[in-house]
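Scroll down for the structure; my scribbles are underneath it.
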Amino acid sequence: MNKVLIERWNGHWSFIFIFLLAFLLASFLIDIYYLNKVSIKSSNPPWEISYSDFKVFHDTANGFYFRYPGSGGYGPVDIRYGPIYDFQKDFYHFRYSPFAVFLFLPFARIPAGIALLIWSFIANILFLCSILFLRYIFDKSHTISRNLKIAFSFIVSFLVLRPYLNVIALGQTDIFIAFLLVLVLLFYLNGMQLIGGITFALILHFKPFFFPILLYFALSGKWRLSLATVIAFPAFLAIPMIRPGYRQEFFLLIHAWMQMMGHSVSSQLINPKNESFLYMILKSAKVAGNTNIVYLTSGVLQLLFIAALLWWSKKIDSKKKYAFSTLEISYLIISILLCSPLVWKAALIYTVIPCAFIIYNYAYGIKNRISIFSLAAFFILTSILNPDILKYVPIAGIENLKFIPLGLLFLLASLLAISREAVDMVSQKG
C-alpha cells in the first residue's frame, strides 16, 4: 500500500515539474518579447517603457511614494507622476483603491522595465498556480487518470491563452485577480469561509464589478464569508494609514477613488475596445447614450441571474453541494462578464474557472456534444477571431466586429449543457 502511494506521489510531482519547466520557459520568452515591444528604444534613463497598464501602476506607486514619504506629513504632487487619481488623462486612469496603490509600492523606485519583468514573472507563477489549484479542486470530487490530468492542465491553459497574452502584454492585474478567485473557490469549498471572505475583500479593491458574487454569498446564507468580506474591505483600506501623509488625506483619496470609478467607466463605455455584451445590445437599441439606463439594466440583469441561481440552489440536495458550488461560481463569473457595461478582452482570463469545470467533467466521462461544440465556438470567437488577430486581416473594419460577447454566450451554453449531468454524476460517486 505504501509503495503504491509513493509511486503515485512521485508520478504526481514529476508531472508538476515537467509542466512547471515547460510553462516557465515559454512564459519567460513571452515576457521578454512583450517587454521588448513596450520598451522605449534608446531611452534615458534606460529601461523606460511606453504607456500601458503597468506604466500607470508604476507611475501611481511612485507618485504615492513621493506624496506620502512616511514621515513629516505629506509632500507636493510630483509633476513627473501626477496625482494618484488624475482626471486630466483621457484614457489611462488608475481606477483601483488607495490600498491597491499601497500594494504596488514595492515596484516604486525600480526602473519601469525591470519592474514590469518582475511583475510578469509573478503573473506567470500565479497563472500556473491557478491551473494546479483548479486541478486539485476538481480532483476532490472526480477521479481521472494521470494522463487526463496532464491533458486538462494544457487544454485549460490553451483555452485562455489569448487573454493570458493580453494581460502579459500590458502588465495588467487580471491574472492576479483570477488567482484570487481560484483561492476564494478553494477556501469556500473547504469550509474556510473566513479566509475566503478576506481574500474576496482584496479582489473588490481591484475589481468592484465582482460585487454580485458577494451579494450571492450573502443571499445564499454564506454569512461568515460575507461578513468577513464586509469587515476586511475597510480594514485593508486603512492599512496605508501607517504613512502619516495618507492618514491626513484618507477621506480625500476615498472620495477621489469613488469619483474616478464613475468618471473612467462613463468615459470608456464608448471605447471601440469595450467588449461588453450588454453595451452592445443597448447600443443596437440606441439607448446606450443614457448611462443611467446602462447601469440600471446591468443591475437588474445581475439580480435576475442571482435570483435564478438561488432558486436552483434550493433544489440541490446536500450530496450535490460540492459539485454545485464549483458550478455556481462559474455561472456568476460568466453572468458578470455578460452583464457588466464595461468589459475588456483581458477579462476573459476569468473564464479559466468555467473552462476548467467543463474540461474536467468531460475527462470524467460526460461526453456532451453540445457542450464541447459550444466550448470550441467560444475558443474560436474569443481567441481566433480576437481583435488582435483580425486587425491583420485585409478587410476594412473587421477588427471592430464583436465576436467576444458572442463567444461568452457559447461558453454559457456549454456550461448549461452539462450542468445537471455533472452535478448528478459527482453525487453518485459520493
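Screening I316, I366, I395 for residues that are more than 23 Å from the chain's Cα centre (by Cα), under 20 Å from L304 (Cα atoms) and at pLDDT below 85 leaves exactly one candidate, I316. Summed over region 242-259, residues that are surrounded by 14 or more Cβ atoms within 10 Å (Cβ to Cβ) and at pLDDT below 80 total 7. Restricting to region 87-137, and then to whatever is under 16 Å from the mean Cα position of the chain (by Cα) and outside any helix (DSSP H, G or I), can you tell me which residue is modelled with the highest pLDDT? Per the criteria, the residue is Y96. Would you check if K345 is of a type in the set (D, E, K, R) and at pLDDT below 85? When the stated conditions are applied, K345 does not pass them. Being over 23 Å from I404 (Cα atoms), crowded, with 16+ Cβ neighbours inside 10 Å and aliphatic (A, V, I, L, M) holds for only one residue in I366, I329, and it is I366.
Of K273, K286, all but one fail to be in a loop (DSSP other than H, G, I, E, B) and either under 21 Å from the mean Cα position of the chain (by Cα) or modelled with pLDDT of 80 or more (or both); the exception is K273.
Pairs linking a residue in region 95-121 that is more than 12 Å from G63 (Cβ to Cβ) to a residue that is modelled with pLDDT of 85 or more and not in a helix (DSSP H, G or I), with Cβ atoms under 7 Å and 6 or more positions apart or on different chains, are L116/G171; W119/G171; S120/G171.
Here is a yes/no grid of residues against (1) out of contact with any strand residue (DSSP E or B) (no Cβ under 7 Å at 6 or more places or on another chain); (2) modelled with pLDDT under 90; (3) more than 25 Å from A307 (Cα to Cα):
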residue: A201; (1), (2), (3): yes, no, no
residue: L204; (1), (2), (3): yes, no, no
residue: S220; (1), (2), (3): yes, yes, no
residue: L227; (1), (2), (3): yes, no, no
residue: P240; (1), (2), (3): yes, yes, yes
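When E249 is tested against (1) out of contact with any Gly (no Cβ under 8 Å at 6 or more places or on another chain); (2) under 17 Å from F206 (Cα atoms), just one condition goes unmet, and that condition is (2). Would you please list the contacts, defined by Cβ atoms under 6 Å and residues six or more apart or on different chains, that run from a residue in region 147-170 that is more than 23 Å from W119 (Cα to Cα) to a residue that is buried (at least 17 other Cβ atoms within 10 Å of the Cβ) and of a type in the set (G, A, S)? From residues that are more than 23 Å from W119 (Cα to Cα), the pairs are L148/A363; F152/A363.
The sole residue among G63, G73 that is of a type outside the set (V, I, T) and at pLDDT below 75 is G73.
Among residues of region 210-229 being of a type in the set (A, V, I, L, M) and free of Cβ contacts under 8 Å to residues at least 24 places away in the same chain, the one that is surrounded by the most Cβ atoms within 10 Å (Cβ to Cβ) is L214.
The values are calculated or read from the model by the stated rules, or taken from the named source; none is laboratory data. It should be emphasised that the depicted structure is a prediction, and the values quoted were computed from it without experimental measurement. In this analysis, Cβ positions are derived from the backbone assuming ideal geometry, glycine residues included, and neighbour counts consider all displayed protein chains.
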